Amino acid sequence: MSEAFDWSSPKTYSQPVDMDNYLEMPEDVSRTVEIKDGMIVFCESPSPNHNIISRNIGRALADGEAKRANRQPCLRVNRDIDMLVSEVPFHYKRPDAIVYRCIEQPRNHWKTKPTVADTILAVEVVSPTTVTADTIDKRAEYARYGIQHYWIVRMANDDGPAISIEMLTLNSEGRYVSNGHRNRTDNFSAALDTLVPFETRVTWEELDEGLD
């Protein structure tokens, strides 16, 4: 068992973190960080518009999943949930929206949260501080992890409304290739109109719902 951390001490955040430390982490801390190769990476709090667009995409995906003919295989749609990359070194990501295979039996530590092996689709909404991470770093990482689909959503001035959605799919060589790129300036009323990973359709106006 790892030594318990004092999460009120700044020194804690420069120490390596393992699964046991993560399980003891206060929720107000865990929601502001990711862990990469055992080290804490702080994530700047997203803007309200970022959260609204993430929510609207998550809702469109949930609606699409609910309309599947026989709903097999069993899939889950979620937002802001940790996705395990590896236990040693401890490493997890938190996509803005995610589709993953149902976990029927809770794992010993990770319970019913997804791992990269469970994940079908990861969606990232680009913020001013995550442009490189979302468009370059995670694009390479998610492909390496074998996540079949990756969508990158761009916002006007990186703070809404949504202006483009790039849909990427792994090819036979394990690289992402375009499976569609919708721009708001094109003559498409739908921001998303796709059959993969299941039929999903949402208009630009629906993505705008709730924006400041």
From the set of residues in segment 168-191 that are over 21 Å from Tyr142 (Cα atoms) and among the aliphatic types (A, V, I, L, M), which is nearest to the chain's Cα centre (by Cα)?
-> Ala191
Identify, please: which residue in segment 100-121 is among the charged types (D, E, K, R) and in a strand (DSSP E or B) and is, among those, modelled with the highest pLDDT?
-> Arg101
Scanning segment 105-117 residue by residue, the ones that are touching a residue at least 24 places away in the same chain (Cβ under 8 Å) and not basic (Lys, Arg) total 6
Would you pick out the residues in segment 161-175 that are within 13 Å of Arg144 (Cα to Cα) and not in a strand (DSSP E or B)?
-> Asn171, Ser172, Glu173, Gly174, Arg175
Qualifying residues in segment 39-72 (those that are touching a strand residue (DSSP E or B) at 6+ places or on another chain (Cβ under 6 Å) and of a type outside the set (A, V, I, L, M, F, W, C)) - the one farthest from Val153 (Cα to Cα) = Glu65
Kindly indicate which of Trp204, Trp151 is aromatic (Phe, Trp, Tyr) and farther than 26 Å from Lys93 by Cα.
-> Trp204
Search result, residues across segment 140-169 that are touching a Gly at 6+ places or on another chain (Cβ under 7 Å) and within 25 Å of Thr203 (Cα to Cα) | Met167
Options Asp63, Asp20: the member that is acidic (Asp, Glu), over 30 Å from Thr200 (Cβ atoms) and more than 17 Å from the chain's Cα centre (by Cα) | Asp20
Go through the residues of segment 132-148 one by one and say whether even a single one is in a strand (DSSP E or B) and either aliphatic (A, V, I, L, M) or free of Cβ contacts under 8 Å to residues at least 40 places away in the same chain (or both).
-> no
Being modelled with pLDDT under 95, closer than 23 Å to Asn56 by Cα and not assigned by TED's automatic domain parsing to the domain that holds Asp18 narrows it down to one of Asp96, Asp80, so name that one.
-> Asp80
Residue set Leu211, Leu195, Leu207; condition exposed (fewer than 14 other Cβ atoms within 10 Å of the Cβ), farther than 25 Å from Val85 by Cβ and of a type in the set (A, V, I, L, M, F, W, C); output residue Leu195
Does Ala60 meet the test of being crowded, with 17+ Cβ neighbours inside 10 Å, out of contact with any Gly (no Cβ under 9 Å at 6 or more places or on another chain) and in the same structural domain as Val153 (by TED's automatic domain parsing)?
-> yes
Could you grab me the full set of residues in segment 97-118 that are buried (at least 20 other Cβ atoms within 10 Å of the Cβ) and under 18 Å from Gly146 (Cβ atoms)?
-> Ile98, Val99, Tyr100, Pro114, Val116, Asp118
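Conditions tested, residue by residue: (1) part of a loop (DSSP other than H, G, I, E, B); (2) modelled with pLDDT of 95 or more; (3) within 24 Å of Arg71 (Cβ to Cβ).
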position	(1), (2), (3)
Val177	no, yes, no
His181	no, no, no
Asp186	yes, no, no
Glu206	no, yes, yes
Asp212	yes, no, no
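The values are calculated or read from the model by the stated rules, or taken from the named source; none is laboratory data. Keep in mind the model is a prediction, meaning the values are calculated, not measured. Because the Cβ atoms are built from the backbone with ideal geometry, glycine has one as well, and the counts that use them run over all protein chains shown.
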